[in-house]
Amino acid sequence: MYVLFEEILGARKVVLNRSTKLNVLTYKMLGKISEKLRTYENDPMVKLIVLKANGKVFCVGGDLVSASKFVAYGHWSFGTSYYRKEFCLDYLLATYKKPMVAILDGSVMGGGVGISIHSTFRIVTENTIFAMPEASIGLFPDVGASYFLSRLPGSFGARLDGAEMVAMGLATHFVPSQNIQSMEKALEKMVASSDATSVTTISMIINKFAQEVKVKPESVITRLDMINQCFSRKSCEEILYSLEHLAIQVQEKWIHNAIRSMRFASPLCLKIFLRIIRQGRSQNIEQCLDTEYIAISHILRRTVSNDFYEGSRAILIEKDKKPQWVPSKLEEVSDEMVAKCFLRSFTEDDDWFPLRLPLRYDKAKAMTSKL
């Protein structure tokens, strides 16, 4: 079983159990998790959900290898089925009505971020690494990233550790890995012995095991002024130029890492994401997911470029790590190319279906206490 569901008096655990594949999310896993979460939400006996994973990794994302092969053996629209399933789960989690604790004791990337970022409590440890590396494989950060990243200071795609995630607001608590099991048992005991479980009582339990974070002096998040100065530029070309100019004046690792990441990523996808994340600042989670789905559909359709399939080949399948992007340079990606990826210009021959997010009630209340 790639995902396990454990029943405890008053609580339910959702446990990712595909550790040999870094807990990558398959289509069936997404469906089973969605089904169980709906059941738990409507069960008055369930007062708390715990989301965790077996192994040393929480989840490194969606099953993009299978998605790319699925499309290769059939029609491009087959791939959109996976994203509809994934985004509907992300939306369910973003609007979930019951307290949820996500334990991120290991790497959390891409789709793994999508299923955990909206949890009421997001617990990180010294083992946690956060990343959204999709542009390196011919995609862009999705799963609602245009919503949650656009609301954070200085977000620019760097890898973050657990302490940095707390400092940035991506996580709520830092708990040493050796204390995680004790924290879980304390939560289980509290839920089992109490008729009314509130966010406050859950927080009190977690706080007993949590530690104050100490961000390293050389941490990238201590450089937010410089980051914002560079990444507030109008275009990707100007952002890259600003970083390169800064690198001449300041010899710091994060600058060179940012430059390297931008140069390695798909130029088209960088421009798509810049537009999406800036639009996302004024959109709700529902609108952000819908916009991301439209853009992903065009990427799968090859409306402008073959970059997703080339990136999957180079990074995930053949692993030569030498993707040949087309267009290959930022300046070769026109505004018209980017604009095409935001149009609902699909025909009957495309066999495309829109993203139909599940009907949710009392959205404003459901979003309380979340990111």
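Quick note: the coordinates plus some simple rules give every number you see, no bench work behind them. It should be emphasised that the depicted structure is a prediction, and the values quoted were computed from it without experimental measurement. Glycine also receives a Cβ, built like all others from the backbone with ideal geometry; neighbour counts cover every protein chain displayed.
Data for the structure
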read-out: With Cα atoms, 0 to 90° folded angle of helix 267-280 axis to the chain main axis; value: 50
read-out: Unit charges on C-beta of K, R, D, E only; dipole of segment 3-359, Debye; value: 560
read-out: Cα-based reach from residue 32 at 17 Å (exclusive), listing aspartates and glutamates while leaving out same-chain residues under 8 positions away; value: 6, 7, 41, 43, 63, 86, 90
read-out: Sites matching trypsin sites (Lys or Arg not before Pro) across segment 162-268 that sit in DSSP coil, with at most 12 neighbouring C-beta atoms within 10 Å; value: 214, 234
read-out: Order by protection proxy (mean Cβ within 10 Å, highest first), peptides 108-118, 13-23; value: 108-118, 13-23
read-out: Alpha-carbon centroids, segment 55-114 and segment 121-196: separation in whole Å; value: 15
read-out: Selected from 62, 198, 266, residue furthest toward positive end of dipole (segment 3-359; charges at beta carbon); value: 198
read-out: Folded to 0 to 90 degrees: helix 199-209 orientation relative to the chain principal axis, Cα; value: 90
read-out: Cut-off under 5 Å, modelled amide H: who pairs with residue 8 long-range; value: 13
read-out: Rh (Kirkwood; distinct C-alpha pairs) - segment 144-218, Å; value: 14.3
read-out: Reciprocal of mean inverse Cα separation for segment 1-111 (Kirkwood radius, Å); value: 14.6
read-out: Low-density loop positions, GluC sites (Glu not before Pro), segment 163-238 - DSSP coil, at most 14 other Cβ in 10 Å; value: 212, 218
read-out: Proxy reagent accessibility, fewest Cβ within 10 Å first, across 353, 346, 308; value: 353, 346, 308
read-out: In Å, descending, principal axis extents of the Cα set of segment 196-248; value: 54, 25, 12
read-out: Degrees separating the helix 180-193 axis from the principal Cα axis of the chain, which is the longest one; value: 50
read-out: Convex hull volume per residue in cubic angstrom - Cα atoms of the chain; value: 136
read-out: Charge dipole of segment 3-359 about the Cα centre (unit charges at C-beta), most positive-ward option of 166, 49, 130; value: 49
